[in-house]
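Worksheet for the structure shown next.
Please treat every number below as a calculation from the coordinates, not as lab data. Bear in mind that the values here come from a model prediction, so they are computed numbers and not experimental data. No Cβ is skipped: glycine too gets one built from the backbone with ideal geometry, and neighbour counts run over all protein chains shown.
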Amino acid sequence: MKIETYEKGVYQIVKVQDDAQTINNLSELRDLIIGYLKRGKIHIAVSFCNASYIYSGAVSVLINCFRMVEERGGSLCIIEPDPGLIDILETLNINNVIKIYAAESYLPQYPE
C-alpha cells in the first residue's frame with residue numbers, strides 16, 4: 001500500500017493507493033492518523049484512490065479512526081470515492097456517520 005499525504009487548508013489529506021482495487025487492511029492508515037492526532041492535526045480527509053471495494057475489517061478500522069478524530073474535536077471525511085465504494089458505504093450507512101465529498105475541492109473551509 002502506498003500512502004501520499006499533504007496539507008490543504010486545515011486538512012491533512014491522505015491518499016491511499018494500492019495495486020488492488022480492494023481495501024482490506026487499514027492498520028497503516030490507523031497508525032498514521034494516530035500520529036497526526038498526537039501532533040494536533042485533527043482534520044483529516046482520506047481518499048481511497050481507485051478502490052471500488054472495502055472489506056468489513058477495513059470498515060471497522062475506518063470507524064475507529066473516525067471516533068478517535070471526533071474525540072479530539074476533529075473531523076474525518078472521505079474524498080473522491082469510486083462509485084462502487086460509494087455504493088458499499090451507503091449500503092452500510094457509513095455515509096450517515098462519515099461525510100463523503102465527491103472531490104477535494106468540496107472540502108469545507110471550516111469543518112463541522
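Just to check I understand the Karplus step: with θ = phi - 60° and J = 6.51 cos²θ - 1.76 cosθ + 1.60, what whole-Hz values come out for region 46-54, glycine and proline as x?
10, 10, 9, 4, 6, 7, 10, 8, 10
Compute the long axis of helix 56-71 from its Cα atoms, compare it with the longest principal axis of the Cα atoms of the chain, and write down the angle in degrees, 0 to 90, nearest 10.
Between helix and principal axis, roughly 10 degrees.
Around residue 13, which amide H atoms from residues at least 5 apart in sequence, or from another chain, sit under 5 Å from its own amide H, with H modelled in the peptide plane?
6, 7, 8, 45
If R₀ is 30 angstrom, what is the calculated FRET efficiency for the pair residue 91 and residue 27, using the beta carbon separation as r and rounding to 0.05?
It comes out at approximately 0.80.
Where does the chain land at 222 nm, in deg cm²/dmol rounded to the nearest 500, when only DSSP H runs of n ≥ 4 count, each adding -39500 (n - 2.57), divided by all residues?
Result for the chain: -10500 deg cm²/dmol, rounded to the nearest 500.
If you stretched the chain out fully between residue 70 and residue 105, how much longer would it get, using 0.36 nm times the residue separation minus the C-alpha to C-alpha distance?
10.4 nm
Hey, in the GNM for the chain with a 10 angstrom Cα cutoff, which one of 67, 39, 30 fluctuates hardest?
Of the options given, 39 has the highest mean-square fluctuation.
Can you tell me what the convex hull of the Cα atoms of the chain projects to on average, as an area in nm²?
6.1 nm²
With +1 assigned to the C-beta of every Lys and Arg and -1 to the C-beta of every Asp and Glu, and no other charges, what is the dipole magnitude of the chain about the Cα centre in debye, to the nearest 20?
440 debye
Roughly how tilted is helix 27-38, in degrees to the nearest 10 and between 0 and 90, from the longest Cα axis of the chain?
With rounding to tens, the tilt is 10 degrees.
Does a label point 7 Å from the Cα of residue 52, set along Cα-to-beta-carbon, have any residues of region 87-101 with amide nitrogen under 14 Å, and which are they?
Under 14 Å, as judged by backbone N against the label point of residue 52, lie 87-88 of region 87-101.
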